[in-house]
1. Is there a residue being in a strand (DSSP E or B) and hydrophobic (A, V, I, L, M, F, W, C) anywhere in segment 2-23?
2. Any idea which residue in segment 32-45 is surrounded by the fewest Cβ atoms within 10 Å (Cβ to Cβ), counting only those that are without any contact (Cβ under 8 Å) to a residue 40 or more places away in the chain and either among the small types (Gly, Ala, Ser) or within 17 Å of Met142 (Cα to Cα) (or both)?
3. If I ask for residues that are part of a loop (DSSP other than H, G, I, E, B) and within 18 Å of Phe134 (Cα to Cα), which ones from segment 24-46 would you list?
4. Would you mind telling me which numbered condition in (1) over 12 Å from the mean Cα position of the chain (by Cα); (2) closer than 16 Å to Ala35 by Cβ Thr69 fails?
5. If Ser110 satisfies every condition in (1) over 12 Å from the mean Cα position of the chain (by Cα); (2) surrounded by 15 or more Cβ atoms within 10 Å (Cβ to Cβ); (3) under 23 Å from Asp6 (Cβ atoms); (4) among the hydroxyl-bearing types (Ser, Thr, Tyr) but one, which is the exception?
6. Can Ser123 be described as of a type in the set (S, T, N, Q), modelled with pLDDT of 95 or more, over 21 Å from Leu5 (Cβ atoms) and surrounded by 13 or more Cβ atoms within 10 Å (Cβ to Cβ)?
7. Mind counting the residues in segment 94-107 that are surrounded by 18 or more Cβ atoms within 10 Å (Cβ to Cβ) and either in contact (Cβ under 8 Å) with a residue 40 or more places away in the chain or aliphatic (A, V, I, L, M) (or both)?
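The values are calculated or read from the model by the stated rules, or taken from the named source; none is laboratory data. Just so it is clear, the structure is predicted and the values come from calculations on it, not from any experiment. Heads up, the Cβs are rebuilt from the backbone with ideal geometry, glycines too, and the neighbour counts pull from every protein chain shown.
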Amino acid sequence: MLKNLDPMLNADVLHALRSMGHGDDVIVCDTNFPADSVARQTTYGKLLHIDAGAARTVRAVLSVMPLDTFVEDAALRMEVVGKPKEILPVAQEVQAEIDRAEGKSWPLGSIERFAFYERAKKSYCVIQSAERRFYGCFIFKMGVIAPDAKLGS
């Protein structure tokens, strides 16, 4: 048992997130996404799971993962086909979790469906949530944790 960790973060997910570095992407996807076949093409090479909806899964991931402040697209949602500007409730809920984790309003960009698939294949890992609503798919780019002045003293 570990203290101060979100209980949704299982050992496999924690291992993958801890193994990532600055600039690596993690995919949080819904149950309809071709998660296993895409995950096999990622750096990590196998599918990870968190048995919760998309927003709850994102809350868990962002509780331990900083977003990249050096790029404009550190957080992206899959666009609705034919309606790229439409923001579905699942994306609104994830936006709230991003803002909560970062302590400020953080832009959630968008990416076309097939471009999302291609970027997902190049990601570090894929975490499939239990989200059943359509377009519950997101990309997050890992940032950095600032050095602690007390380290090494």
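1. no
2. Within segment 32-45, the match that is surrounded by the fewest Cβ atoms within 10 Å (Cβ to Cβ) is Gly45.
3. Asp30, Thr31, Asn32, Phe33, Pro34
4. For Thr69, the exception is condition (2).
5. Among (1) over 12 Å from the mean Cα position of the chain (by Cα); (2) surrounded by 15 or more Cβ atoms within 10 Å (Cβ to Cβ); (3) under 23 Å from Asp6 (Cβ atoms); (4) among the hydroxyl-bearing types (Ser, Thr, Tyr), the lone unmet condition for Ser110 is (3).
6. yes
7. Counting residues in segment 94-107 that are surrounded by 18 or more Cβ atoms within 10 Å (Cβ to Cβ) and either in contact (Cβ under 8 Å) with a residue 40 or more places away in the chain or aliphatic (A, V, I, L, M) (or both) gives 4.
Residues checked against (1) crowded, with 16+ Cβ neighbours inside 10 Å; (2) more than 11 Å from the chain's Cα centre (by Cα):
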{"position": "Leu5", "(1), (2)": "no, yes"}
{"position": "Ala11", "(1), (2)": "no, yes"}
{"position": "Arg18", "(1), (2)": "no, yes"}
{"position": "Asp30", "(1), (2)": "yes, yes"}
{"position": "Val61", "(1), (2)": "yes, no"}
{"position": "Met65", "(1), (2)": "yes, no"}
